[in-house]
Amino acid sequence: MALDSSSSTPAQLLRRGLGLAARFIVLAAVAGCASVPDLDRYMLRTQSVRIEGAKGTLSRAQSEKILADLKKRSPDTGVLDVHVAIEEALSGHPLSVGNHATILEDGKETYAQMLAAIRGARSSVHMEMYIFEDDEVGQAFAQALEERAKNGVTVRLMYDSAGSHGTKKEFFQAIADTGVHVAEYNPLTAEQFLKKGFDVQRRDHRKVLVVDGRIAFLGGINISGVYGSARSASRSRKTSDSAVPGAGGGTSGGSSAGSSGSSSGGSSKPVNHEGADVPFEERPWRDLQVKLEGPVVGEVQQAFIDQWAKAAKEKLDDPKLMPKLEPRGNEVVRLLESSAGEEPNRLYVALVSAIDNASTEVLVMNAYFIPHPDLMDALKRAAGRGVDVRLILPSQSDSAMLLYAAHSYYGEMIDAGIKVYERQSRFLHAKSAMVDGVWCTIGSTNLDWRSLVYNDELNAVVLSPEFGKQLRAIFDDDFKNSKLITAEDWAKRPITNRIKEAGARVWAKLL
């Protein structure tokens with residue numbers, strides 16, 4: 001669908017953001033403006049993240065020193081100890097012991113547990129969502145929040161203005177009228193666009209729920225019908241995780257230019273077929289969430305409190321929000337919290353360090369893959385030293401430009417020995433990774449420049465062989481539903497695709 005730029009304000013153009021051609025028009029217009037941010041201003045701190053000190057990723061030499069010290073204390077050091085030692089050397093949130101982490105798959109399982117937690121809340125409910133839609137799922141959560149608020153529980157809901165731009169303000173006002181405290185993160189208006197310029201790009205991309213300060217959920221799952229039945233997914237497909245002003249994301253009521261089939265043009269099929277009789281764009285999205293219990297929940301609660309202060313301009317200092325938390329399991333967990341413009345992006349720092357110190361395998365599953373050079377180099381180095389490096393990326397997308405930009409990296413990865421798989425049957429929205437079967441992460445961070453530069457993100461790193469086995473089983477299932485892109489497949493792609501890839505690559509840092 002084309003946009004009529006002659007009758008629209010810049011803010012309207014950004015908010016509509018529908019259709020590949022329109023996105024190219026918007027980006028072209030932006031490129032000619034003096035307000036384009038100096039990306040080096042953000043990237044100077046992360047352009048070469050292997051800097052001295054604990055704020056950067058660890059080089060092999062630094063890691064070897066840490067491991068040598070570790071072996072002096074324990075000659076039988078195993079792979080888990082290696083990654084624990086690496087994590088201990090990084091800055092940010094400390095390692096938290098005595099936690100229990102549960103992986104939740106897709107909407108049905110995740111929403112059931114989140115709603116149960118909300119309905120059982122006794123003191124507080126804190127929800128922070130990039131996308132909160134007014135559909136069957138959104139209504140169910142709204143009712144649960146409202147019910148708790150009416151029964152004396154303090155309920156706070158924070159939503160991102162861009163991510164939830166398809167949801168009418170009246171919906172959130174109705175929730176607020178029942179006693180729920182509602183805050184909109186970085187309101188997206190023409191006034192704000194003119195006042196802040198590119199700062200309107202700064203978004204709260206997190207998906208968080210904290211109940212009574214004792215149970216926390218985080219990951220990639222928004223409040224939306226796209227995770228439900230095929231029928232509700234089609235009806236609710238108003239926006240997407242990439243539907244941010246200036247980015248190529250979001251569709252309206254149907255498939256996009258990016259959802260036209262596997263990129264390689266090959267004829268091989270995935271082993272399994274999920275809902276093969278349903279059009280791709282109507283199938284439920286594939287995603288992951290993690291439920292946390294134990295001391296680390298206090299850090300998730302504090303992350304929400306800090307974010308609430310940004311959006312609502314209110315400092316929360318009630319000690320009841322931070323109850324004493326007893327151990328609930330055996331998992332070591334580290335919270336990775338990143339905010340736009342701050343140094344460094346902690347997920348990238350931790351992920352690159354983990355990959356650089358991988359000894360057996362690196363598995364990555366991500367919805368939007370436009371990697372920073374340091375991440376790409378780390379993946380290549382790992383493959384070069386014999387580590388099994390495998391990526392699961394989308395075969396189709398809600399954003400054609402993002403898909404083509406991701407494709408522009410395929411050739412060099414395949415040449416480096418990195419195995420690239422494309423998820424078939426369902427739209428992949430998960431953001432997870434696993435290294436050596438013990439270093440695992442699930443969260444909101446995409447491996448693109450938007451997450452690195454513009455978004456506030458939240459991931460959990462779980463250091464646990466038991467958790468690793470659970471995540472490995474999930475990866476194995478997704479590999480069964482994915483297609484390996486071979487060098488032969490890639491060589492067969494149309495010349496038109498190559499042109500689009502080159503064009504999208506130019507805009508990679510703005511996507």
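The values are calculated or read from the model by the stated rules, or taken from the named source; none is laboratory data. Everything numeric here is computed off the predicted structure, so don't read it as measured data. Glycine also receives a Cβ, built like all others from the backbone with ideal geometry; neighbour counts cover every protein chain displayed.
Close contacts from the stretch 462-477, counting a first residue that is under 13 Å from Thr441 (Cα atoms) and a second that is basic (Lys, Arg) and modelled with pLDDT of 95 or more, with Cβ to Cβ under 9 Å and a gap of 6+ residues or different chains, come to Phe475/Arg390. Scoring Lys238 on the criteria (1) modelled with pLDDT of 50 or more; (2) surrounded by fewer than 24 Cβ atoms within 10 Å (Cβ to Cβ) leaves a single failure, condition (1).
Rundown of residues vs (1) crowded, with 24+ Cβ neighbours inside 10 Å; (2) at pLDDT 95 or above; (3) farther than 23 Å from Trp507 by Cβ, yes/no style:
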position	(1), (2), (3)
Ser432	yes, yes, yes
Ser444	yes, yes, no
Trp449	no, no, no
Asn459	yes, yes, yes
Leu471	yes, yes, yes
Asp477	no, yes, yes
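Just one residue in the set Pro371, Pro327, Pro394, Pro319 is within 18 Å of the chain's Cα centre (by Cα) and surrounded by fewer than 24 Cβ atoms within 10 Å (Cβ to Cβ); that residue is Pro371. Is it true that Leu458 is in contact with an Asp or Glu (Cβ under 7 Å, 6 or more places away or on another chain) and under 25 Å from Tyr159 (Cβ atoms)? Judged against the criteria, Leu458 is a match.
Kindly evaluate Val137 against the criterion of being without any contact (Cβ under 8 Å) to a residue 40 or more places away in the chain, of a type in the set (A, V, I, L, M, F, W, C) and crowded, with 21+ Cβ neighbours inside 10 Å. No. Within the stretch 420-458, being of a type in the set (D, E, K, R) and more than 20 Å from Asn481 (Cα to Cα) holds for Asp436, Asp448, Arg450, Asp456, Glu457.
Inspection of the stretch 129-146 identifies at least one residue that is farther than 15 Å from Phe217 by Cα, among the acidic types (Asp, Glu) and part of a helix (DSSP H, G or I).
Out of the stretch 432-489, which residues are closer than 22 Å to Pro94 by Cβ and assigned to a helix (DSSP H, G or I)? Hits for the stretch 432-489 are Pro465, Glu466, Phe467, Gly468. When we screen Asp212, Asp160 for residues that are under 26 Å from Val462 (Cα atoms) and in contact with a strand residue (DSSP E or B) (Cβ under 9 Å, 6 or more places away or on another chain), the only hit is Asp212. Go through (1) of a type in the set (A, V, I, L, M); (2) in contact with a helix residue (DSSP H, G or I) (Cβ under 7 Å, 6 or more places away or on another chain); (3) buried (at least 16 other Cβ atoms within 10 Å of the Cβ) and name the single condition Ala162 misses. The one condition Ala162 does not meet is (2). Of all residues assigned to the stretch 278-294, none qualifies as being touching a Lys or Arg at 6+ places or on another chain (Cβ under 7 Å), at pLDDT below 60 and part of a loop (DSSP other than H, G, I, E, B). A single entry from Ser353, Ser338 fulfils the requirement of being small (Gly, Ala, Ser) and within 16 Å of the chain's Cα centre (by Cα): Ser338.
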